[in-house]
Each structure stands twice: as C-alpha cells, then as structure tokens.
Amino acid sequence: MTEINVYGSIFEQSGYASHTRQLVNAFYKLNPQIYLDCPKPQDWIRYASTAEMNMINSQPYKNGTDIVINLPPYWLYNLSNKPKNFIGWCVWEGTNVPKSWESIFSNIYIKHIICPSNHTLSAVKNTFKTLLAPQFHVISHGINPFIFKPLKPLKSKAFTFIANKGWAAGINDRGGIQWLLKAFCEEFRNDKNVELHLKINMSYCPPGWSLPNE
C-alpha cells in the first residue's frame with residue numbers, strides 16, 4: 001500500500017483545516033500508513049481521534065508521497081527536501097493567482113497539483129498562458145452526506161440569494177460580501193419579493209470583530 005505523508009492543519013476552523021481533517025481520516029480508513037504533520041495547539045490530544053493520534057505520532061515515510069494542503073508558498077519547505085513524490089493542493093477564489101507562484105508550479109519535484117474546481121484551474125491559466133507545470137487535476141472536495149443533506153423547503157415564497165463567506169475586513173475584504181450587499185441594496189427595494197441570506201464564517205474574523213459594527 002502507498003505510504004503517505006500529509007502536511008496541513010486539522011485543529012483550526014478554516015476551510016483548509018476542515019478539508020485536511022476529512023481527507024486524512026478518509027485516507028486512514030483505506031490505508032493506515034499515513035503520517036500527519038500539523039500544528040498542535042495546547043491540549044491537542046483532547047481534540048484528536050484515535051486515528052488522528054496514530055497518524056500524528058507516527059514517523060514520516062522516507063519514500064512516501066508528500067501531500068501538502070496549503071497555499072503554494074508553503075509547499076517550498078517540503079520541496080526543499082527533494083521529495084520523490086509530491087502533490088500540492090491548490091485552492092484559490094480569485095480570477096487570477098499571484099504571479100509569484102510561477103516558479104513554485106514549475107518546480108521539478110512536483111508530480112501533481114490538485115485543484116478543487118475548474119474555477120481554480122482557470123485562475124491559473126488566466127495568469128500563466130505558457131506555464132510549463134506538472135499535470136493539474138480537478139478533484140472536487142465532495143460532501144459528507146451525514147452533514148450536508150437536503151432540508152425541508154423554506155415556507156418563504158421570496159426569491160432567495162445565499163452567500164457563504166468570511167467578512168473580516170469590511171470594505172477591504174477579499175471575499176466580496178461588501179460588494180454583494182451594495183449591489184443587492186441598489187438593485188432591490190423593500191417592495192421586491194427577494195431575500196439575501198448571508199452566512200459569515202467567523203474563522204476568518206479577528207478577535208473582537210463585531211458583525212453589527214461592520
């Protein structure tokens with residue numbers, strides 16, 4: 001069975017951490033030869049499952065496949081070790097990725113780069129027209145049907161817009177919630193049968209951040 005070294009966070013509330021945690025646990029069910037390198041907060045043992053403790057307490061596999069779930073600049077630490085097999089997980093919301101990533105994508109030790117969507121892959125292509133990089137693969141995050149499942153339809157007959165994003169920096173936030181609010185208010189008045197539902201991800205908001213103040 002393939003030996004795998006996974007580098008990412010599982011104890012935070014970010015999307016990266018959620019994805020890493022679900023991915024390594026799914027790996028472990030198929031193949032227990034998993035080493036997990038992740039930041040460990042105080043009393044981390046209280047928050048780890050038996051499988052997660054086994055992965056964290058194991059030793060990295062010298063000839064294993066390295067999977068790094070983080071922004072590309074964080075791949076450089078692992079790439080400096082000249083791994084035999086390296087897979088980078090690339091996630092991006094914008095229409096273009098930073099140009100500084102070109103040298104990272106072109107690193108000769110990268111075997112594969114996985115994107116969660118065609119949108120991320122398009123952002124790469126928009127930035128680097130002639131990028132000579134390893135094969136990109138689009139593999140969606142998937143869903144956990146025990147967490148995400150259809151609910152009963154809302155009784156409201158209003159046409160409903162839904163946005164799920166962080167909103168930590170107000171008018172300067174990169175998620176664009178500020179522009180969504182502005183556009184919604186400019187387009188619709190109180191007499192229109194529409195609703196806007198926002199789910200604010202607090203993991204991207206600093207301590208003391210106040211939604212009412214924002």
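The values are calculated or read from the model by the stated rules, or taken from the named source; none is laboratory data. Quick caveat, the model's predicted, so the values are computed rather than measured. Because the Cβ atoms are built from the backbone with ideal geometry, glycine has one as well, and the counts that use them run over all protein chains shown. For accessibility, only protein heavy atoms count, side chains too; no ligands or nucleic acids. Shrake-Rupley method; radii C 1.70, N 1.55, O 1.52, S 1.80 Å.
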Pick from Q135, Q178, Q42: which residue has the top mean-square fluctuation in a GNM of the chain where Cα pairs under 10 Å get a spring? Q42
Taking +1 at the Cβ of each Lys and Arg and -1 at the Cβ of each Asp and Glu, which of G64, F11, S49 sits farthest along the dipole of the stretch 1-68 towards its positive end, judged by Cα position relative to the Cα centre? S49
What number, in nm² with one decimal, is the all-direction average of the projected area of the convex hull of the alpha-carbon atoms of the stretch 26-96? 6.5
Relative contact order (percent) for the stretch 1-102, with alpha-carbon contacts under 8 angstrom and 6 or more residues of separation? 29
Note the full-extension length gain between H137 and K155 as 0.36 nm times their separation in residues minus their Cα-Cα distance, in nm to one decimal. 2.4 nm
P(r) of the stretch 61-117 over all Cα-Cα pairs, binned every 10 Å from zero, in whole percent: 23, 58, 17, 2
In whole percent, what relative contact order does the chain give with Cα contacts below 8 Å and a gap of six or more residues? 14
Heavy-atom surface of the chain, accessible at 1.4 Å and reported per residue (Å²): 66
About its Cα centre, what dipole magnitude does the chain give when the only charges are +1 on Lys and Arg Cβ and -1 on Asp and Glu Cβ, stated in debye to the nearest 20? 420
Tell me whether the stretch 8-54 comes out rounded, prolate or oblate; compute the Cα gyration tensor, take square roots of the eigenvalues as a ≥ b ≥ c, and use a/c under 1.5 as the rounded threshold. oblate
Ordered by residue, what ³J(HN,Hα) values in Hz, to whole numbers, does the stretch 47-52 give under the Karplus form 6.51 cos²θ - 1.76 cosθ + 1.60, where θ = phi - 60° and Gly and Pro are x? 9, 9, 7, 4, 4, 5
Rounded to the nearest whole number, the per residue volume of the convex hull around the C-alpha atoms of the chain in Å³ is 173
With N set to the number of residues, divide the alpha-carbon radius of gyration of the stretch 108-214 by 2.2 N^0.38 Å and report two decimals. 1.46
Return the long-range amide H neighbours of F161 (sequence gap of 5 or more, or a different chain), with a cut-off of under 5 Å between placed amide H atoms. E195, L196, H197
